[in-house]
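Just so it is clear, none of the values below were taken in a lab; they were calculated from the coordinates. None of the values given here were measured: they were computed from a predicted structure. Ideal geometry is used to build each Cβ from the backbone, glycine not excepted, and the neighbour counts take in all protein chains shown.
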C-alpha cells in the first residue's frame, strides 16, 4: 500500500536531518520552541490497572513449536499423516516392523500409537522437530514416553544429532514395566554441543515387541523449571512488559474453520495424553505460507494459560466460541435451540476459574494443583463475529452469564473492521444493549493510525467501554515477514496509543496482535516478538508496548498545544498521566516529522516536581529500520537525564522519535 502519512522516506529523513545540522535548512522549525501545556493538577480520567495487555494466539507457531517447549513434533502420531515429522532409518527395511495402530473406539482423544516389532538389526526412529530442534550445550534434556510391552527385550537409546549426524547428546531408557496396561517412564541426559537445527533419534536395540505413544523431549530450563512447561525466554519477554491482562487463546482459532475445528477449553485440561489434538486452522489458511505440519496439541491449555497470567501478574481474559465458526471460512453456526452446550461451557469456565473446591469444576482446578481460585473477572463472547446472527447469540450468552454472575464483565465483538456497515450495526446495537465492552480490531497502514489518534475524543463517556483487542500497523505490501515490524509501524502505533491513553475513560483495555512468530514458520505479520529455535528478540513494536505498559500511570491529565489535544500538529502526538503510587508525572510524545522539534513543556499546576527526571527515547532516522537476531537492539530505548527550570522543561525531540518523560514529584 502507498502511505500518505507525514512519515517520509528514510533517505529524505537522513538528508533533511543532515541539512539542518549544517544550517542549510529552515532552522526556525527546529529552533523556535513549541509551547506545550501540561495541566498537572486535574485528573480527567482514571487509567485502569489492566489498561495495556497482550494478545496470545497459536499462530506463527506461537504455541506448539514456540512458547510450549515440547521439542518433538507429532509426538502422539495424531497428525493427518501419522508419521509426519518422523522417519525410519535402517539399512534393510522390514515390512510390518513399525505400524501405526488406531484404537479410536477405545481412546477417542488419543487414538493412535506406534507398534514396534524388533527382531533383527538395530534401527532408528528420527524426529525432525519444529523446523529443527534447538539444542544448548550443557543443558539437561528430559525425555518421556508412554509404552506397553508384554515382556522386556527392547532398549531405547536416546540421541540428539546435529545436521551432520554427529551425536551431541545421548541417554538411554530400559522400559521396566510389563503387562497389558500403559506405563510412563522418563530419562534425562545432557547435550554436549549447541545446534539450532538438531534432530532427535530413538535407536532400538535388543529384540521384542513394544508399543509407544507420547514420545516427548523437553529442555531442562523451562519457565519456573516446570516439567513439560513453557519456553523461559519467551515468557520472560512477557513478564518484562508487566501486562495488565493476557487475552487467549485467540483469535481466529477460537472460531475454527468450522465448528468441529473450534477451540474447546474442556479438551485442553488434564493429563496431556488425554488432550485431543486438532488441526490448527492456520495450517491451510494462506496458500503462500502453507503449514501442513501445524496442529494444536494443547500442551498449552486453559490451565496453563491461567497459570501463566498468574505468574506474570496479569489478569486472564479468555475468549470463547459463541456457536459461530469463522465467517470467512465455513460461516457455520449452531442453531439457537442447540446453543446450550456453548453457553454451559462459558458458565463452567467461570466455575473452573473461580469456583469453590466443592464445585465440580472448582474441584477439577484443585485436582490440577491450584485449589486457590484464579479470580477471573471477564471473558469474551465470540471473536470477530458479526451480523444479526452474532447479536442473537451474544444476547443469549449475556443473559445466562449475567443471571448467574451479574458483576462479571463480557467483551462483545464489533467484527473485523473499525468502520463500515458491519461495525455500525454492531456498535450501535451493542451500545443500545449496554454491553460492558465492545472489542474493536484494526490492522491498517501507518497513515490510518495517525489520522485516528483522535478517534475516541468524541466517543460517549458513559455506557459501553472499548477494548482495542487487536491492532497493528501493516507496512507497505512489498514488505514481508519480520520486515513489517519496522520503526515506521511502531512509531505510528505509539502515536495512536497516545490517543487511547488520553481517552482511558473510554478505552479501558488494549492489546497489540499478534504476539509471537517463529522466523521459519510464520503465517501472519507483523508480530511483536520473533523467535527461532534458540533465540528471541523484541521488535520496535515490543519496546513501544513495553514503554506504555510499564508507565501507564493512574490518572490522565491534559496536555495541549494551542489549547488543543495533540493529535498530529506538525507531526506531534502526546498524552500525559500521573502515577500517584510512584509519584511520577509521565509524558508520552511522538515526533513523526523528519525534523527535530524544540519543545517547551509548561508544567502548570501545584504539583511539586523535583528538578531532575528521565527520558526513555526510541528514535531512528530510518523509518524502515528493524530489529533482528543480528541486531536486536537497533531500535530500543535509550535513557537520559532531563532537568527542569522551575515549572518548565525544554527538550529537543529527534526526528522520528518517541519519548517517555518521567518527572518525579513530592
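Compute from the Cα atoms of segment 298-401 the Rg and the Dmax, the latter being the longest Cα-Cα distance, and quote both in angstrom.
Cα only, segment 298-401: 15.0, 42 Å (Rg, Dmax).
Multiplying the sequence separation of residue 358 and residue 95 by 0.36 nm and subtracting their Cα-Cα distance, what value in nm do you get?
89.3 nm
Using a 10 Å cut-off on Cβ atoms, rank the peptides 596-605, 61-70 from the highest mean neighbour count down.
So the order, starting with the most tightly packed, is 61-70, 596-605.
For residue 165 and residue 389, calculate 0.36 nm times their separation in residues minus their Cα-Cα distance, and state this gained length in nm to one decimal.
Using 0.36 nm per residue and subtracting the Cα-Cα distance, I get 75.0 nm.
Quick one: which of 72-79, 334-341 comes out on top by average Cβ neighbours within 10 Å, and what's the full order, highest first?
Ranking the peptides 72-79, 334-341 by packing returns 72-79, 334-341.
With each label point set 7 Å from Cα along the Cα-Cβ vector, what nm distance links residue 331 and residue 461?
Once both label points are built, they end up 4.2 nm from each other.
Quick one: order 535, 34 by neighbouring beta-carbon count within 10 Å, fewest to most.
535, 34
Relative contact order for segment 248-291: what percent, with Cα pairs under 8 Å and sequence separation of 6 or more?
29 percent
Restricting things to Cα coordinates, could you compute the convex hull volume per residue of segment 342-427 in Å³?
Each residue corresponds to 98 Å³ of Cα convex hull volume.
Computed from the mean reciprocal separation of all distinct C-alpha pairs, what Kirkwood hydrodynamic radius does segment 128-283 have, in Å?
18.2 Å
Taking only Cα atoms, what is the 0 to 90° angle, nearest 10, from helix 421-432's long axis to the longest principal axis of the chain?
Taking Cα atoms only, the helix is inclined about 80 degrees.
Is segment 60-123 best put as rounded, prolate or oblate by its Cα gyration tensor, with a ≥ b ≥ c the root eigenvalues, rounded for a/c under 1.5, and otherwise prolate when a/b is larger than b/c, oblate when not?
The shape class here is oblate.
Order these peptides, 512-519, 474-481, 190-197, by their mean beta-carbon neighbour count within 10 angstrom, highest first.
Top of the packing list down: 512-519, 190-197, 474-481.
Got the relative contact order for segment 233-552 handy, in percent, Cα pairs under 8 Å and 6 or more residues apart?
Once normalised by length, the contact order is 14 percent.
Using the count of nearby Cβ atoms within 10 Å as a rough guide to exposure, how do 546, 606, 104 rank from fewest to most?
In increasing order of surrounding Cβ atoms, one gets 606, 104, 546.
Could you state the angle between the C-alpha long axis of helix 388-404 and the longest principal axis of the C-alpha atoms of the chain, as a value from 0 to 90 degrees rounded to the nearest 10?
Helix 388-404 and the main axis of the chain meet at about 80 degrees.
Under the 0.36 nm per residue contour assumption, what length would be gained going from the current alpha-carbon distance of residue 650 and residue 600 to full extension?
Going from the current span to full extension adds 17.5 nm.
If you take the square roots of the eigenvalues of the alpha-carbon gyration tensor of segment 559-632 and sort them as a ≥ b ≥ c, do you get rounded (a/c under 1.5), prolate (a/b over b/c) or oblate?
The shape class here is oblate.
Please figure out what share of the DSSP beta bridges in segment 500-607 is antiparallel and state it in percent, rounded to the nearest 5.
In segment 500-607, DSSP labels about 85 percent of beta bridges as antiparallel.
So what is log10(I(q)/I(0)) for segment 406-461 at q = 0.14 1/Å, when the Debye sum runs over its Cα atoms only?
At q = 0.14 Å⁻¹ the computed log10 ratios are -0.43.
Could you give me the percent of Cα pairs per 10 Å distance bin for segment 233-552, shortest bin first, beginning at zero and ending with the bin that holds the maximum distance?
Percent of pairs per bin, in order: 6, 25, 37, 26, 6, 0.
Just want to confirm a number: the relative contact order over the chain, from Cα pairs under 8 angstrom separated by 6+ residues, in percent.
Computed over the chain, the figure is 18 percent.
Say each of residue 81 and residue 41 gets a label point 7 Å from the Cα, pointing the same way as Cα to Cβ; how far apart are those two points in nm?
7.3 nm
Got a sec? How would 528, 234 order by Cβ neighbour count within 10 Å, fewest to most?
Final ranking by Cβ density, sparse to dense: 234, 528.
Would you mind checking the radius of gyration and Dmax of segment 367-503 based on alpha-carbon positions, in Å?
17.5, 51
Which of the three applies to segment 86-219, rounded, prolate or oblate, going by the alpha-carbon gyration tensor with a ≥ b ≥ c and a/c under 1.5 meaning rounded?
Since a/c reaches 1.5 and a/b is larger than b/c, the shape of segment 86-219 is classed as prolate.
For segment 249-338, what size does the Cα cloud have along each of its three principal axes, sorted from largest down, in whole Å?
Extents along the principal axes, in whole Å: 37, 36, 26.
Which three extents, in whole angstrom, do the alpha-carbon atoms of the chain cover along their principal axes, largest first?
Principal-axis extents of the chain (Cα, largest first): 87, 60, 47 Å.
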